[in-house]
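**Q** Can you keep this structure in mind? I'll have questions shortly.
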Amino acid sequence: MYAVTLAAPDDFDGWRAAARALASAGVAPGEVGWKVEGQEAGDLFGTGTSPPAGAPFPVPRAFLSLAETAICHSDPERFALLYALLLRIRTTPKALEDEADPLVRRVEAMAKAVRRDIHKMHAFVRFREVEEEGAVRFVAWFEPEHHIVRAASGFFARRFANMRWSILTPELSVHWDGEALTEGPGAARADAPDRDPVEAVWKTYYASIFNPARLKVGAMLKEMPKKYWKNMPETALVGQLVAGAQGREARMVETSRTQIGSNALAAWQAVREEARGCTRCHLFECATQTVFGEGPVTAPLMFVGEQPGDQEDLAGKPFIGPAGQLFDRALGEAGIDRGQAYVTNAVKHFKFERRGKRRIHSKPDAGEIEACRWWIEQERAILRPTLTVALGATAARSLFHKAVTISAVRGRPHAMPEGGEAWVTVHPSFLLRVRDNRDAEYARFVEDLVRVKERLAELA
Ligand code: URA
C-alpha cells in the first residue's frame, strides 16, 4: 500500500507528481491511500512512500486541465478517482471522449461544480472598506463549497489591481497589497466587517437594474442561491423589490428617461467596470481588453454588432474600424445621429486567429455568444431601449436566444419579452465582403436604417 500526503486540498502539482510516479510503476488505484497534510488518515491510508520508478508516459492536456479543476472539489475521493481515470487514460488515451462512462461523468461533474463555485465567488464577493493603519483595505467574507479560493483569486488580483484587499474564507485567506498575492489561515465570519458606504453604491446599482417585468424568483434563486445573500448588501432590497414589483412596473412605465438617467448612468458605469475583468469565456485570454458598449444611457435606439475587430480591440471602442466607418456612412445617409444611439456588440472580446503578424477575425461560437449574453442583457436592462437593432446573425442569435436566418426576420419589428422591439439587418462587414450587387445591398441596408428611424419616431 502506498501513502501520498498532499500539501493542500487543491495541491494539483503534488497530486500530479505522485500520480505520474505511481501510474508509471503500474500501481493499482486500490493500492494507494491519499490524504491532505494535517488531516486525519483514513483506514486505507498505507505506510509505503515512494513507488519504484517506471517509464514516463504522455498524458493528454485535456485530462490535465480537467484534473486541475476537479481536484478543487470537496469530495474526499477526488484524488483516488482522478488517479483511476489517469490509469484508464494511460491504456485508452481517448477515454475522456466516452461521456457515458460513469467515471468520466463523475469527474466531469466535479469539474463543473468547481467551475460554478468559482463563478459564484467572482460574482458574489462583496468588499467592505476598512481603515487599517491610516490606509484603506477592502475586506470580503466568502464561504465556497469547494477548495476554489486559490483558483479564483487571480481574477480579483487582475480586476482590483489598484486596491488593497483581503478575501477571508473558513479554509484560507488571500491578501493583495497591490503587487503580490499572499495567503493566510482561514478566518471566521466575525473577522470580516459588516457594513460600509460601498454598499450604498451596490444597492443603487442593483435597484436600477432590477426589472420587475422579468421577475423570475426561481431563476434568481438558481443563479444566486440564498446562502450567498447574507454577504451581499443588495439582497437586503430583494424582498422589498419583489413585493413591490407590480406597482413598480407600472411606475417604471411612467417614469421619464431623464428621471432614470442618473441611476442608469451609475448602473451602466458599474457594469462596464465589472465587464473589464470578464472571464466568462476564454476569449479574454488573447484579447487586449473588453470592448464595452458606448453611447448615451438614455438612448432609445441600440445597435448590436457581432464582436470587436482588430482596431476596436486595440482602441477599446466599438465600430471604429472599416465596418464601423461603413456603418457611420450608412447611418448618416439614413439621417441617424450615431451620437444619439448606443452601440455595442454581442461578444465583447475580439476573437481571432494569428496569421504571421496579422490577427484574423474568427466568428464567435454559440458558447461564447451565450457566455457574453450576460453583458448585453445588463446593457439592455439599464437602457431599456425602444428599438434594438441586431446587425447580423451573431447579434440576432444573442437577442433571440436562438439561431435565426437574417432573410426570414429582416426589416420588421419583433416584440421583445422584456419590452421594446428588435429589428434585424445585415452586418456592415457583410457589405464589405459581398461581391454581387454590392451597391444594391448597401442601399437595402440604408433602407433598413431609415425604417428603424421612422419606427422610432412612430413609437416616441
Ligand atoms: N464588427 C462588429 O461587429 N463590431 C465592431 O465593433 C467592429 C466590427
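**Q** Does the stretch 311-324 hold any residues that are in contact with a Phe, Trp or Tyr (Cβ under 7 Å, 6 or more places away or on another chain) and over 10 Å from VAL291 (Cβ atoms), and which are they?
**A** none
**Q** Okay, next question. Select from the stretch 154-182 the residues that are buried (at least 21 other Cβ atoms within 10 Å of the Cβ) and under 19 Å from the mean Cα position of the chain (by Cα) and list them in ascending order.
**A** Once the filter is applied, which keeps residues that are buried (at least 21 other Cβ atoms within 10 Å of the Cβ) and under 19 Å from the mean Cα position of the chain (by Cα), the stretch 154-182 yields only PHE156.
**Q** Moving on. Do we have any residue at all in the stretch 425-441 that's crowded, with 18+ Cβ neighbours inside 10 Å and more than 14 Å from the ligand (Cβ to nearest atom)?
**A** no
**Q** Taking the options LEU459, LEU391, name whichever one is closer than 20 Å to PRO296 by Cα, of a type in the set (A, V, I, L, M, F, W, C) and surrounded by fewer than 17 Cβ atoms within 10 Å (Cβ to Cβ). Reasoning before the result, please.
**A** Details: LEU391 fails: surrounded by fewer than 17 Cβ atoms within 10 Å (Cβ to Cβ).
Answer to the check: LEU459.
**Q** Would you be able to tell me the number of residues in the stretch 334-361 that are surrounded by 12 or more Cβ atoms within 10 Å (Cβ to Cβ) and either under 17 Å from GLY392 (Cα atoms) or in contact with a Leu (Cβ under 8 Å, 6 or more places away or on another chain) (or both)?
**A** 16
**Q** Hey, another quick one. Can you list the helices (runs of 4 or more DSSP H) found entirely within the stretch 250-338 that contain at least 3 residues being of a type outside the set (Gly, Ala, Ser), within 12 Å of the ligand (Cβ to nearest atom) and modelled with pLDDT of 95 or more?
**A** The qualifying helices (runs of 4 or more DSSP H) are 310-315, 322-334.
Table: residues versus (1) under 19 Å from the mean Cα position of the chain (by Cα); (2) modelled with pLDDT of 95 or more.
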| position | (1), (2) |
| --- | --- |
| VAL347 | yes, yes |
| GLN378 | yes, no |
| ALA443 | no, yes |
| LEU459 | no, no |
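**Q** Residue check, GLY332 against (1) touching a residue at least 24 places away in the same chain (Cβ under 8 Å); (2) out of contact with any strand residue (DSSP E or B) (no Cβ under 7 Å at 6 or more places or on another chain), all met but one. Which one?
**A** Here GLY332 clears every test but (1).
**Q** Any idea which of ALA323, ALA330, ALA315, ALA346 is of a type in the set (A, V, I, L, M) and within 16 Å of VAL452 (Cα to Cα)? Break it down into steps so the answer makes sense when it comes.
**A** On the way: ALA323 fails: within 16 Å of VAL452 (Cα to Cα); ALA315 fails: within 16 Å of VAL452 (Cα to Cα); ALA346 fails: within 16 Å of VAL452 (Cα to Cα).
It is ALA330.
The values are calculated or read from the model by the stated rules, or taken from the named source; none is laboratory data. All figures in this text were calculated on a predicted structure; none of them were measured in a lab. All Cβ positions, glycine included, derive from the backbone under ideal geometry; neighbour counts span all protein chains shown.
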